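What follows is calculated from the coordinates using simple rules that are stated; it is not laboratory data. The model shown is predicted, which means the values in this text are computed figures rather than measured ones. Here the Cβ is made from the backbone with ideal geometry for all residues, glycine too, and neighbour counts use every protein chain on show.
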Amino acid sequence: MNVRLPRLVAALAAACLLSLLGLDAAAQADDGLGNASPRAAYAQIEGSGSTWSEVIVQQWISDVDALGMKVTYNGGGSSQGRKNFAQNVTDFGISEIPYPGVDEFGNADNSNGREFAYLPIVAGGTAFTYQLKIGNELVRNLRLSGETLTKIFTGQITDWSDPAITADNNGRAFPKLAITPVVRSDGSGTTAQLTTWMDAEYPEIWRPFFGKSGYTSYFPRQGRTLAQSGSDQVMNTISGFAGNGTIGYVEYAYPLNKDYPVVKVLNDGGFYVEPTQYNVAVALTQARINEDQSSPLYLTQILDGVYNATDPRAYPLSSYSYMIIPTGAQDQRMSTAKRQTLGDFMYYSLCEGQAKAGPYGYSPLPLNLVQAGFTQLAKLKTADPAVDIENRDATKCNNPTFVAGNLKQNKLAQIAPQPAACDKQGDGPCGTSTGTGEPSTDENTAETATGDGGEAATAVDGKGKGKGGGAAPGAGGGGGDPTTTEVDPVTGEVVAVDGASATGATGTTGTTADPIYATPTELSASRPGDGRAFGALAALELLALVLVPGLLIARGVRRRGASR
């Protein structure tokens, strides 16, 4: 896995955790009476489930290993994680959906009597990653509406040249190339998230395809659809040699770590956005959380308000992931040492670990959910009084969402930048790459002023970024920049007018890497098999160049020898 943070950061995080937990070399703890007593020993714990959450979970596991906490996790999919927990195969599970009671096939999908609690662990966005090339260049700024995406995954839109895709991209046409959806073959919480959204927002498209209402953890495979097990295999299939034309769904961490593009999805605020930590945090301010502590669904989410959030920054497919923790005093797998390990592991994950959420493609939990998570962890001590979970205070967490004095405010959502003007429906598309974790915004490079109709217009500060009727970065004028440019209505390229040189995104005169667009005259993209065929031909040619001269020389030597 491509982990971008240096090892030094992990070492510092471990040091911070030692301080947070109050652990010294002897692992001492205060018993509340002023007496030092040894903290319970650790024992290895095992979990399985969600691949949506796996990237950040594996990082947390790596972080706490230096502290003597041994945690193993196998991301076999949410359905398998729930099943393993119910069958006492694991100590914890992770899932994007709670136990439904009965699955879509009529089989039991419950905890089988094992006592448990749901614990939100991280937020994130389900991203649509894709491979779409024009020639040999990868398109990195694709935009699609929810309706278009739903039609793609239900087989109603089957080609990248479809007019609906052209319309989403403000008239930019893509090559005539078959679309290959890549879905999960295993029981997947990511699939459940996607299909829950489609069922809620586009039932007239989803339900005839599925044959009934509701969500599924097993995506129906039809037509050109490919199915792969786990988010990593979906990502590898799409980014692979033969992946041109594919599109699939994974947690944003996977394309981010692979530096691969994602679709900007149209929200109800009228902007195309990607699932950065900021856009997810904004969207999830509209999530409703079950706060009834007596409910078996305590802390589970209701996302209808997220799907149709009208904030221009909100990413529609934002959600939380849950850990399923054992709470029974007689749980056959648990011991004091295991409960202590689970409690300390989750204390790190809910606090210090949340600071890593953004860089790894997730969004940190707001503090109210961290506080509620501590309420769930307290059940470990209820089950076993020897477990030490004292001094757990959400306000002491190193969490980027923290707002002093108000646990229900989300600082990350408050500071989230507004989307770039070129991301607005009918404008753009922007020329910036997706899948970088960075927000697409006009902020910090331009001052905003009120334009016609009260709309935010952009006063360019000389760095070459302006609204300009939907111009890509590098277009627009003002701010003392004498260069005159316009956007070609067919190619989307920034071109010079009246002999002036095109202005790049940095505001300097010259050419820059323009966004890759198809044109209406582009009839086909490179075919996945072309490279293999021409590669083999090149290899044969090279072999001939090496062998033929030697054969000819040897033949000449034999002839000269025979003539003597």
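Descriptive notes on the structure:
- Anisotropy class of segment 305-411 from Cα gyration tensor, a/c 1.5 cut: prolate
- Cβ-based charge dipole, segment 93-193, positive-most Cα from Thr154, Tyr130, Pro100: Tyr130
- Globularity ratio of segment 278-318, using Cα Rg and 2.2 N^0.38 Å: 1.25
- Selected from Leu377, Gln222, Tyr362, residue furthest toward positive end of dipole (segment 118-423; charges at beta carbon): Gln222
- Fewest neighbouring Cβ atoms within 10 Å first, the residues Met235, Met323 line up as Met235, Met323.
- Rg in Å to one decimal, and Dmax rounded to a whole Å, for segment 118-423 via C-alpha atoms: 20.5, 65
- For segment 130-142, Karplus couplings with θ = phi - 60° (6.51, -1.76, 1.60), whole Hz, Gly/Pro x: 7, 10, 9, 10, 10, x, 10, 9, 7, 5, 10, 9, 5
- Take each peptide in 70-83, 154-167, count the other Cβ atoms within 10 Å of every residue, and average; sorted highest first, the result is 70-83, 154-167.
- Segment 118-423 - percent relative contact order, Cα under 8 Å, separation 6 or more: 23
- When +1 charges are put on Lys and Arg Cβ atoms and -1 charges on Asp and Glu Cβ atoms, the dipole computed for segment 118-423 relative to its Cα centre reaches about 340 debye.
- Here the peptides 265-274, 379-388 are ranked by packing, the mean other Cβ count within 10 Å, and the order with the highest first is 265-274, 379-388.
- Among the listed pairs Lys258/Lys356; Lys212/Lys424; Lys83/Lys381; Lys70/Lys356, those with a Cα-Cα distance over 27 Å are Lys212/Lys424.
- Bridges between two residues of segment 118-423, per DSSP, are antiparallel at a rate of about 70%.
- Peptide ranges 246-256, 211-221, 292-302 listed from the most packed, as the mean C-beta count within 10 angstrom indicates: 246-256, 211-221, 292-302
- Near the amide H of Asp388, within less than 5 Å, lie the amide hydrogens of Ala40, all on another chain or at least 5 residues away, with H placed in the peptide plane.
- Sparse-neighbourhood loop sites, GluC sites (Glu not before Pro) in segment 75-138 - DSSP loop, at most 16 other Cβ within 10 angstrom: Glu104, Glu115
- Using only side-chain charges placed at the Cβ, +1 for Lys and Arg and -1 for Asp and Glu, the dipole size of segment 261-354 relative to its Cα centre rounds to 240 debye.
- For Val122, residues with placed amide H under 5 Å, excluding near neighbours: Ser321
- Taking the Cα centre of segment 340-447 as reference, the dipole from Cβ charges on Lys and Arg (+1) and Asp and Glu (-1) amounts to some 380 debye.
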